[in-house]
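The values are calculated or read from the model by the stated rules, or taken from the named source; none is laboratory data. Bear in mind the structure is a predicted one, so any value in this text is a computation, not a measurement. Glycine also receives a Cβ, built like all others from the backbone with ideal geometry; neighbour counts cover every protein chain displayed. Accessible surface is based on the protein model in full, side chains and every heavy atom, while ligands, DNA and RNA are left aside. Shrake-Rupley method; radii C 1.70, N 1.55, O 1.52, S 1.80 Å.
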Amino acid sequence: MSVTRTGEPEATVGPDPHRWWALVIIALAQLMVVLDATIVNIALPSAQHDLGISDGDRQWVITAYTLAFGGLLLLGGRVADLVGRKRTFVIGLIGFAVASGIGGAATTSGMLFGARALQGAFAALLAPSALSLLTTTFTDPKERGKAFGVYGALAGSGAAIGFILGGLLTEYLNWRWCLYVNIPIAVIAVFGAFGLLRDRPGHKNVRLDVPGAVLGCGGLVAIVYGVSEAESHGWSAPLVLGLIAGGVALLVTFVWWQNRAPSPLLPLHIVKDRNRAGCFLTMGLAVIGMFGVFLFMTYYLQVVLGYSPVKTGLAFLPLTVAIIIGSTQISARLLPRVAPRVLMVPGMVLAAGGMLFFTQLTVDSAYATELLPGLLLLGLGMGLTFMPVFATATAGVAPQDAGVTSATVNTSQQVGGSIGTALLNTIATTASTAYIAAHLRDPAQRELITREGVVHGYTVAIWWAVGIMLLAGLVAGLMVTAKAPKHAPSDAAVAESVG
């Protein structure tokens, strides 16, 4: 998913004759960022085995990326404004490629986690500049609509491409190529950017809120690390409580600083609006369950059911298709006629209902009858929710706040995914350990009890995710009181929602 920190589009002098080729380069770069989340999910079981990563730490392969991405996204938009979007775009591409190479060559878990965090940091530069360049390259309204349509289609299909490509690379080469594959994509995009993209110089008067970035990102890292350590130390351990309390203190200080910073990362008047705050909170809660499903279902399909990486990738396709249908064919058509919460609340209930199927998993569940219905319902529910969240959060904002508002929605998504993945993984591994300890009496039954314990852990965590999904629906119902918009959502909102 992508963001822009621009306000009103900047007009260019005449249409760019290479603008459609420029669209290819911009979309290619954004596709790389989007698919990188799901492509690594498929590779994760193999990477965990090769590098000896524990069950409690495996979630860092995902959360290191999403934490850095979400925590630095607002700062990345400011950097693009300061040094220029094209230059930031190229720096993001090169850095992302280098980080991917380091991750692919990782020999330890720490090296892989660090590389994933570095990828997220450069993605935070790449994503804002990509959509900003798209906005300034296409100034004609009709052409812009077509460009956003293409961009949105590629962004929406990124998850599906990631699942399939991840399966193919992991099965026929190895998991490292799920990271190496970014290098040729980035090289092509860099050469294309130099030859095809044009942009105005950066604005020297833009100021970077580095203290705000340190406080916000540091607080999130502390909380996620504290939650992940609860698996091995227990929730009442001084280390765990200290990390979570320290993280909360840093976030409180972040809010205090945003009221005083000369150029705040997050102007607080944006989140004081009831509808906007409701959308941010709904998005953050909603993705907790979805990221948890990606992690648990990948392991369930490959480790428990014995699916190959390719078959696992294909098994996720109905989820992606359902998200795209729910977002572009249902929400986008109904949103101009109904209040946003009329879509968001049923969407969350539908997604929670889909996840209920996963709470009934056993060591030999059938895909067609016990997994597929849940994936379809979850996808439709998330699709129903994504579109009105983006459209409502960005509606009626001042031009100078349009970029930061869009960035904040995306930040809430990445942060929710980070905290949710860490929380649900900790719950799952703790429940699995307790189940195995309570049921393992005959050593001859160790393999079966272990598999049952793993599945039990997944189902316990998914029950928590169901509750969080329903909480998201409650938040949407109580806080998002906006009426039906008078006009259809913009192409930008469509592109954002399916990303």
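What order do D55, D364 take when sorted by accessible area (1.4 Å probe), most exposed first? Intermediate results must be reported in sequence, preceding the final value.
Numbers: D55 75, D364 115 Å².
Sorted descending by solvent-accessible area, the residues read D364, D55.
What number comes out for accessible area per residue over the chain if the probe is 1.4 Å? Units Å², please.
Per-residue accessible area for the chain comes out at 38 Å².
For I183 and M111, what is the calculated FRET efficiency with R₀ set at 22 Å and r taken between the beta-carbons, to the nearest 0.05? Intermediate values should be presented prior to the final figure.
Numbers: r = 17 Å, r/R0 = 0.77.
It comes to 0.85.
Counting Lys and Arg as +1 and Asp and Glu as -1, each charge on the Cβ, what is the dipole of the chain about the Cα centre in debye, to the nearest 20?
For this selection, approximately 1260 debye.
Leaving ligands, DNA and RNA out of it, rank D36, D442 by accessible area with a 1.4 Å probe, largest first. Show your work: numbers first, answer last.
Values: D36 0, D442 75 Å².
Descending accessible area places them as D442, D36.
Between V252 and H18, what is 0.36 nm times their sequence separation minus the Cα-Cα distance? Round to one decimal in nm.
Contour length minus Cα-Cα distance gives 79.5 nm.
Provide the per-residue ³J(HN,Hα) series for region 375-392, in order, calculated from phi with Karplus coefficients 6.51, -1.76, 1.60 and θ = phi - 60°, each as a whole number of Hz, with x at glycine and proline positions.
Here the 3J(HN,Hα) series is 4, 5, 5, 4, x, 4, x, 5, x, 4, 7, 3, 4, x, 4, 5, 5, 6 Hz.
Just to confirm my numbers, what's the Cα centroid distance between region 66-127 and region 290-364 in Å?
Measuring centre to centre over Cα atoms gives 28 Å.
Once label points are set 7 Å from the Cα along Cα→Cβ at both I330 and L208, what is their separation, rounded to one decimal in nm?
Placing both labels 7 Å beyond Cα along the Cβ direction yields 4.3 nm.
Put +1 on the Cβ of each Lys and Arg and -1 on the Cβ of each Asp and Glu in the chain; which of A351, W21, L314 then has its Cα farthest toward the positive end of the dipole?
W21
Roughly how much of K311 is accessible, in Å² to the nearest 10, using a 1.4 Å probe?
100 Å²
Could you tell me the relative contact order of the chain? Use alpha-carbon pairs under 8 Å, at least six residues apart, and round to a whole percent. Let's see the in-between values first.
Numbers: 960 pairs, mean separation 121.9, N = 499.
Reported as a whole number, the value is 24 percent.
Rounded to whole Å and ordered largest first, report the semi-axes of the equivalent ellipsoid of region 239-365 derived from its Cα gyration tensor (root of 5λ).
34, 25, 13
Spin-label point model (7 Å from Cα, Cβ direction): what's the V338 to H49 distance in nm?
4.5 nm
Run lengths n ≥ 4 of DSSP H only: what is the helix-derived mean residue ellipticity at 222 nm for the chain, with -39500 (n - 2.57) per run over all residues, to the nearest 500?
-25500 deg cm²/dmol
For region 389-475, which trypsin sites (Lys or Arg not before Pro) pass both filters: DSSP loop (anything but H, G, I, E, B) and at most 16 other C-beta atoms within 10 Å?
Values: sites: R441, R446, R451; in loops: R441.
Those that pass, being in a loop and sparsely packed, are R441.
Kindly write out, for region 445-457 in residue order, the coupling ³J(HN,Hα) from the Karplus curve 6.51 cos²θ - 1.76 cosθ + 1.60 (θ = phi - 60°), rounded to whole Hz, with x marking Gly and Pro.
With coefficients 6.51, -1.76 and 1.60, one gets 9, 4, 4, 5, 5, 5, 5, 4, x, 4, 5, 4, x Hz.
Quick one: ranking H456, H18, H49 by accessible area, 1.4 Å probe, largest first, what do you get?
Values: H456 70, H18 90, H49 150 Å².
Sorted descending by solvent-accessible area, the residues read H49, H18, H456.
Run through all the Cα pairs of the chain and give the fraction in each 20 Å bin from 0, expressed as whole percent.
24, 60, 15, 1
What accessible surface, in Å², does a 1.4 Å probe find on W235, ignoring ligands, DNA and RNA and rounding to the nearest 10?
Solvent-accessible area, nearest 10 Å²: 120 Å².
Enumerate the calculated ³J(HN,Hα) couplings along region 54-68 in order (Karplus 6.51 cos²θ - 1.76 cosθ + 1.60, θ = phi - 60°), each rounded to whole Hz, writing x wherever the residue is Gly or Pro.
6, 4, x, 9, 4, 5, 5, 4, 8, 6, 4, 5, 5, 5, 5
Give me the count of lysine pairs in the chain whose alpha carbons sit under 25 angstrom apart, restricted to pairs 8 or more positions apart or on different chains. Before the final figure, lay out the partial values.
Numbers: K86/K142; K86/K146; K86/K204; K142/K486; K146/K486; K272/K483; K272/K486.
The number of close lysine pairs in the chain is 7.
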